[in-house]
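Novice: Below you will find the structure I want to go over with you.
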Amino acid sequence: KLGQKNERLQVEIAHRKAIEQRLETLAETDQLTGVYNRRKFDELMNLELRQEPRYHRGLSLAMLDIDHFKEVNDRHGHAVGDAVLQELARLIESTRREADSFFRVGGEEFCLITFASNGANLETACEKIRKAVTEHDFDKAGHLAISIGATQYQDGDDYDSLFKRADAALYKAKRTGRDRVVIV
């Protein structure tokens, strides 16, 4: 009887561990796209910001947004818009560097935590992603473009200052013609 109870207990423990793992995945993953969500972004960004002054790995933040995404939804419907977001997430996940972390932070806005030794390297990494999206033929929406705003960590940066600079760079990319990378 003791052996049976131990076996049932082990099955129960394994089941609970599987449930815990599923809950953790749900808590940090965007339901639609399958990439990390805003909650996970906040967690990892704060971790990287604490480590950057010590390790100097070239912490950088890129924000990207689909140009004229509202038109996709208006012209093709929200189901196609959702499919575009899913396809974009898969495309960027397959294009980004292994050390980069990719997140959906809201609507059609995404962030990439990346590492670059200088602004030129950051621009190269961002251009690779922008070009991959521009050249991709989205299943039901055709060719789309993205704008990317990016910035590198500066001494004294905190979450808000880094995020605001990347956001300002993204809006500059939008204001100056879209389908471009702006580094500030």
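The values are calculated or read from the model by the stated rules, or taken from the named source; none is laboratory data. Just so we're clear, the structure is a prediction, and the values are computed from it rather than from any experiment. For neighbour counting, all protein chains shown are included, and Cβ atoms are generated from backbone atoms with ideal geometry for every residue, glycine included. With ligands, DNA and RNA removed, areas are computed over all heavy atoms of the protein, side chains included. Shrake-Rupley method; radii C 1.70, N 1.55, O 1.52, S 1.80 Å.
Novice: Which value, in debye to the nearest 20, describes the size of the charge dipole of the chain about its Cα centre when Lys and Arg Cβ atoms bear +1, Asp and Glu Cβ atoms bear -1, and nothing else is charged?
Specialist: On the way: 29 positive and 32 negative charges, 76 e Å.
Computed about the Cα centre, the dipole is about 360 debye.
Novice: If the chain were replaced by its equivalent ellipsoid, with semi-axes equal to the square roots of 5 times the Cα gyration tensor eigenvalues, what would those be, largest first, whole Å? Display every interim value, and only then the final one.
Specialist: On the way: eigenvalues 239, 116, 33 Å².
Ellipsoid half-lengths, sorted descending, are 35, 24, 13 Å.
Novice: For THR151, THR33, give the ranking by accessible area with the largest first, probe 1.4 Å. List each step's numbers first, then the result.
Specialist: Working: THR151 0, THR33 20 Å².
Descending order: THR33, THR151.
Novice: Using a Förster distance of 22 Å, how high is the FRET efficiency between ARG97 and ALA120, based on the Cβ-Cβ distance and rounded to 0.05? Before the final figure, lay out each step's value.
Specialist: On the way: r = 15 Å, r/R0 = 0.69.
Computed FRET efficiency for ARG97 and ALA120: 0.90.
Novice: Sorted by accessible area (1.4 Å probe), largest first, how do LYS1, LYS40 line up? Write out the running numbers ahead of the final one.
Specialist: Working: LYS1 195, LYS40 25 Å².
I get LYS1, LYS40, largest accessible area first.
Novice: In addition: With every protein chain kept in place and ligands, DNA and RNA left out, what is the accessible area per residue of the stretch 51-184? Probe 1.4 Å, answer in Å². The partial results should precede the final answer.
Specialist: Details: 6550 Å² over 134 residues.
Per residue, the stretch 51-184 has 49 Å² of solvent-accessible surface.
Novice: Please give the solvent-accessible surface of GLU28 in Å², to the nearest 10, using a probe radius of 1.4 Å with every protein chain present.
Specialist: Around 30 Å² of this residue is reachable by solvent.
Novice: Please give every one of the aspartates and glutamates within straight-line cross-link reach of LYS164, meaning a C-alpha to C-alpha distance under 19 Å, and leave out same-chain neighbours fewer than 8 residues apart.
Specialist: ASP42, GLU43, GLU48, GLU52, ASP65, GLU108, GLU109, GLU123, ASP155
Novice: Taking a ≥ b ≥ c as the square roots of the eigenvalues of the Cα gyration tensor of the stretch 47-151, is the shape rounded (a/c under 1.5), prolate (a/b larger than b/c) or oblate?
Specialist: Values: a/c = 2.67, a/b = 2.13, b/c = 1.25.
Prolate.
Novice: Another question, if that's okay. At 1.4 Å probe size, with the rest of the protein present, what percent of the exposed accessible area of the chain is carbon and sulfur atoms? Walk me through the intermediate numbers first.
Specialist: Numbers: 5090 of 10580 Å².
Roughly 48 percent of what the probe reaches on the chain is carbon or sulfur.
Novice: Do any of LYS40/LYS140; LYS140/LYS172; LYS128/LYS172 go past 27 Å between their Cα atoms, and which?
Specialist: LYS40/LYS140; LYS140/LYS172
Novice: Between THR176 and GLU109, what is the label-point separation in nm under the 7 Å Cα-to-beta-carbon projection?
Specialist: Rounded to a tenth, the inter-label distance reads 2.0 nm.
Novice: Sticking with this structure for a sec: Could you work out the per residue convex hull volume over the alpha carbons of the stretch 118-176, in cubic angstrom? Could the numbers behind the result be given before it?
Specialist: Working: hull volume 5.6 nm³, N = 59.
That works out to 96 Å³ per residue.
Novice: Sticking with this one: Ordering SER60, SER117 by how much accessible area each has at a 1.4 Å probe, largest first, what is the list?
Specialist: Working: SER60 0, SER117 95 Å².
These residues rank, largest area first, as SER117, SER60.
Novice: Given labels modelled 7 Å from the Cα in the Cβ direction, how far is it in nm from GLU43 to LEU2?
Specialist: It is 4.0 nm.
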